[in-house]
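The values are calculated or read from the model by the stated rules, or taken from the named source; none is laboratory data. On a predicted model such as this, the values are computed, not experimentally measured, just so you know. Heads up, the Cβs are rebuilt from the backbone with ideal geometry, glycines too, and the neighbour counts pull from every protein chain shown. Accessible surface areas use protein heavy atoms only, side chains included; no ligands, DNA or RNA. Shrake-Rupley method; radii C 1.70, N 1.55, O 1.52, S 1.80 Å.
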Amino acid sequence: MDYLPIFTKLNNRHCLVVGGGDIAVRKVHLLLKAGATITVCAPEICDSLLEKAENNQLTVINDTFSDQLIEGKWLVIAATNQRHINEHVAQLAEQKQILVNVVDEPGLCSFIMPSIVDRSPIIVAISSGGKAPVLARLIRERLEALLPMHLGRLAQISGEFRHRVKSVISKESLRRRYWEKLFGNGDLASLLQKGQIQQAQQFMEDNLTEDVAKGDVALVGAGPGDPSLLTLKALQLMQQADVVLYDRLVSREILDLVRRDADLISVGKKAGKHEVEQSRTNQMLVEYAKQGKKVVRLKGGDSFIFGRGGEELEELVEAGIAFQVVPGITAASGCSAYAGIPLTHRDYAQSVTFVTGHRKENGQPLDWKALAIPHQTLVVYMGLLQAQELETKLLMHGRDGKTPVALINKGTRQEQQVITGCLSELSKLGGGLEGATLIIVGEVVELADKLAWFNPDKNQKLSRDPFLVNLS
Ligand code: SAH
C-alpha cells in the first residue's frame, strides 16, 4: 500500500491554497465543504474566489507566495502553474512537517486527494495513487450509481440511535446483528427514500429487541474456485458471518472475501481421508448457531451435489436451528464452461449424468450398462483414483474405446489444466495430476479445442479468462 487512506478533520483548521485559478477553486470548494479556514494566496485571483472572500468564506492574499504564509497551517495545497513555486511550497511544507499536496505532482505530495463519493456522513474515497486516474473516476461513477442517495440519511439517524441500541442490547455481537438486519431491510430503505425520517426512526425502535440474536446457518456453495463465480448472496453472507467452516476445495482467494473478523475453521475433506469427521462438523454447526452466531458453511461447488449438504441440514433440523441454502456453481458447470466443453449438444449428447467415483462402502453400485450408452455425457466427480475402474467398466459394457475424455484439473482457477484423450487410455491420462480433478466422458469433448476461449484481438486461445476490468 503506497498510501494509507485516512479521513482528516479540517473543521476550523487553517489551510493554505497557493494559486488562484480553476484548479485552486476546485480544491477550495472541497476544503470549504470540510469546514476549513482557508487562506488563498496568488498574484492573480479569479472572480469566483474573490466572491467567496467577499462572503467571508475565505481570506485572500493578492500577492506572490512568501514563506511566512505557511506558518501555523495544518495543510497546504500548491495549485499554481509555476512548477518552481509548487516545488518550493512543497519543500517548505515538508521541512515544517505540514501536509502538502501539489496538484498533478504525486512525487511532491505528502498526501493525495482521492475521488470522492459523498453520502455524508458516509464518504467513499477512491485513489489509484496517481497511477490510473481515469480508472479511479470510472470506479467512482460506478459507486455513485450503486450507493443510494438515502445512505447518508440512514447513517445519520443510525448515529443518533446508537446510544439507545446500546442501552437495550448489551452484547456487542448482538448489536452488530441488529444493525446488519436493519440495514438489510427493504422497508426501512423505502421509508428513507421517501424522506419519511420519523417513520424510519420509529421502525428502528420497533425492531429493537434482543431477539435478533438467534444464530443461524447458511449452507453456501462457493463454486469451483474462481472467486468471480461466487453468487452475490454468497458474498453477502460471507461478509456478515461470525464463523465460517470451509472445505479444502474452497480457494484462498474466496476465503479472502470473508469478513475480516470472522473465525475461519477448516473442516477440509479429501476423498477417503476426513480431516474433521463429518459428525464433528455437523456438531460444530449446531454449537456455533446455539451461541447466537451467524454461521456460514462454505463448500466447494454446490452443496447439494456430492457435497453432503443434505446430511448437515438434517442435523440442523433436528436441533431446531434456522438455516438457508445458497446454491453454487458446481464443478461440472464451471469446469466444462472454462474448458469449452458443452455438457449437452444437439449433435453430440442428449443427456448428461453426474456420478461420483467415491461412494460409501456397501453403497449402491453404478448402473454401468446405462452409463455406457453412447451420445450421452458422463461427468465423474472424485474419479481420479478410480480412473482405471471407470475405463474398464465402461469398455466392458460397450462404450467405444475411442470416446473422447477430458480431465480438468483445478478447473476455473489460474492453474486450470485440461487433458484430453480417449476412453481406452483414460487411466494413463491423469498420472501426474494432483488436487481436484473432474472427468468428462463423451462425444462433446471433441469440441474442447474448437470452443476453448478465444480472444480474436490477440488471435490466441485462453485457458481461462484473465481478470477483466470491464466497467462499461
Ligand atoms: N460439491 C462439489 C463437489 C464436491 S466432490 C461441486 O458441486 O462441485 C469433489 C470433487 O469435485 C473433486 O474430486 C473433483 O472431481 C470435483 N471438483 C470440484 N472442484 C473442482 C475444480 N475446481 N476442478 C476440477 N474438479 C473439481
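Things worth noting here:
- The chain, helix-only ellipticity at 222 nm - DSSP H runs n ≥ 4, -39,500 (n - 2.57), divided by all residues, nearest 500: -10000 deg cm²/dmol
- Simple spin-label estimate for Ala132 and Arg162 in nanometres, 7 Å along Cα-Cβ: 3.5
- Near Arg140: Cβ cut-off under 13 Å, other residues only, Lys/Arg at +1 and Asp/Glu at -1. The net charge is 0.
- Whole-percent carbon and sulfur share, accessible surface of the stretch 335-454, 1.4 Å: 52
- Ligands, DNA and RNA left out, the accessible area of the stretch 97-238 computed with a 1.4 Å probe is 54% carbon and sulfur.
- Interchain or long-range residues, amide H under 5 Å from Gly292's placed H: Gly215
- With protein chains left intact and a 1.4 Å probe, residues in the stretch 14-113 average 53 Å² of accessible area per residue.
- Linear extension gain, Glu172 paired with Ser266, 0.36 nm per residue minus alpha-carbon span: 31.3 nm
- What the phi angles of the stretch 102-115 give under the Karplus curve with 6.51, -1.76 and 1.60, with θ = phi - 60°, is a coupling list of 10, 4, 6, 10, x, x, 9, 9, 9, 9, 10, 9, x, 6 Hz, glycine and proline written as x.
- Computed with a 1.4 Å probe over protein heavy atoms only, the accessible area of Tyr348 comes to about 50 Å².
- Summed side-chain charge close to Val243 - residues other than Val243 whose Cβ falls under 15 Å, Lys, Arg +1, Asp, Glu -1: +3
- Under Karplus coefficients 6.51, -1.76 and 1.60, residue-wise ³J(HN,Hα) of the stretch 300-316 in Hz, glycine/proline x: x, x, 10, 5, 9, 10, 6, x, 6, x, x, 5, 5, 5, 4, 5, 5
- Point-to-point label distance, Lys214-Ser48, nm (Cα→Cβ direction, 7 Å offset): 5.6
- Rg ratio for the stretch 151-207: its Cα radius of gyration over 2.2 N^0.38 Å, N being its residue count, equals 1.06.
- Exposure of Asp347 as accessible area (Å², to 10), given a probe of 1.4 Å and all protein chains: 120
- Violating pairs (Cα-Cα greater than 24 angstrom) within the set Lys33/Lys131; Lys194/Lys214; Lys181/Lys293: Lys33/Lys131; Lys194/Lys214
- For the set Asp2, Asp67, solvent exposure ranked by accessible area (probe 1.4 Å, protein chains only) runs largest to smallest as Asp2, Asp67.
- Per-pair calculated FRET efficiency, R0 = 56 Å: Glu71 and Glu311 via Cβ, rounded to 0.05: 0.20
- Trp74 - accessible surface, heavy atoms, 1.4 Å probe, Å² rounded to 10: 100
- Computed on the chain, with alpha-carbon pairs under 8 angstrom and 6+ residues apart, the relative contact order is 9 percent.
- Under-5 Å amide H pairs with Ala36, H placed in peptide plane, nonlocal only: Asn12
- By accessible area with a 1.4 Å probe, ligands and nucleic acids excluded, highest first: order of Ser110, Ser167, Ser158: Ser167, Ser110, Ser158
- For the stretch 151-207: accessible area per residue (Å², 1.4 Å): 60
- With K and R counted +1 and D and E -1, the other residues having a Cβ less than 11 Å from that of Ile341 yield a net charge of -2.
- Using the Cβ-Cβ distance between Met1 and Arg280 with R0 = 45 Å, the FRET efficiency computed as 1/(1 + (r/R0)^6) comes to roughly 0.70.
- Size of the chain from its Cα atoms: along the principal axes, largest to smallest, the extents are 95, 60, 40 Å.
- The phi-based Karplus calculation (6.51 cos²θ - 1.76 cosθ + 1.60; θ = phi - 60°) puts the 3J(HN,Hα) values of the stretch 185-198 at 8, x, 5, 5, 4, 6, 4, 5, 4, 7, x, 8, 5, 4 Hz, whole numbers, x for Gly and Pro.
- For the stretch 218-354, the solvent-accessible area works out to 47 Å² per residue, with a probe of 1.4 Å and every protein chain left in place.
- Long-range HN-HN contacts of Val17 with modeled amide H, under 5 Å: Thr39, Val40, Cys41, Ile77
- Sorting Glu205, Glu253 on solvent-accessible area from highest to lowest, probe radius 1.4 Å, gives Glu253, Glu205.
- DSSP bridge analysis restricted to the chain gives an antiparallel fraction near 40%, rounded to the nearest 5.
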